[in-house]
């Protein structure tokens, strides 16, 4: 009888000891838990809290554990910066154990018409296309499969720096290393040529567009070529 009581007493004490360890572990983890708050430096077009949390889970090895003792902010930042949709990030923790993720989204400058389609930013970096109100985002088309987009991105950025073209630019084509562009409000084809003397060519284009606005006879032209110095070559075929 005494032996049975001793065993029961030992089991109860063991159970209580294990429970104390478990509660202590839970409390310790609770103290180290961090609340993640996501801050966007500008209003995002593609990212949101749900997408960012999903990207964190996908791009970090294993489950993301927001524990103060285990967290390496440099690793988190480097992992997040490797995500194409993210241009820049910064992690920091305040005194109240809040983990802040300050994030700058990569801005789409133009859409690359490919299969599947992509967005490109002003540096020619591609990231996943998402359907959105892209009325201000022109499309880029080319037959080249090995093209580096850096030059094209710089060219489109220079075009969109002009207020008129920022509103009118619809499509950019690259054929044999020469650019053609299509505007929203004008039907004629525009041969831009190589991406040189961009400001001069834009000025000539705006003069021709203004001319077609006041002269109905100018609407017979189906193509203009801006690649010649100090002149615009317009043709009807």
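General remarks:
- Qualifying positions in segment 206-224 - under 14 Å from residue 187 (Cβ atoms) and in contact with a helix residue (DSSP H, G or I) (Cβ under 9 Å, 6 or more places away or on another chain): 208, 209, 212, 218, 219, 221, 224
- Exactly one residue among 197, 148 is at positive phi and not assigned by TED's automatic domain parsing to the domain that holds residue 48, and that residue is 197.
- Within segment 138-175, the set of residues being part of a loop (DSSP other than H, G, I, E, B) and surrounded by fewer than 19 Cβ atoms within 10 Å (Cβ to Cβ) comprises 143, 144, 145, 146, 147, 148, 161, 162.
- Filter result (touching a residue at least 40 places away in the same chain (Cβ under 8 Å) and either in contact with a helix residue (DSSP H, G or I) (Cβ under 8 Å, 6 or more places away or on another chain) or assigned by TED's automatic domain parsing to the domain that holds residue 170 (or both)) within segment 78-96: 85, 93
- The residue list 90, 113, 96 contains one member that is surrounded by 13 or more Cβ atoms within 10 Å (Cβ to Cβ) and farther than 30 Å from residue 165 by Cα, which is 90.
- Single unsatisfied condition, residue 79 versus (1) at pLDDT 80 or above; (2) surrounded by 15 or more Cβ atoms within 10 Å (Cβ to Cβ); (3) more than 30 Å from residue 166 (Cβ to Cβ): (1)
The values are calculated or read from the model by the stated rules, or taken from the named source; none is laboratory data. Since the model is a prediction, treat every value here as computed from it, not as a measurement. Virtual Cβ from ideal backbone geometry, glycine too; neighbours counted across all protein chains shown.
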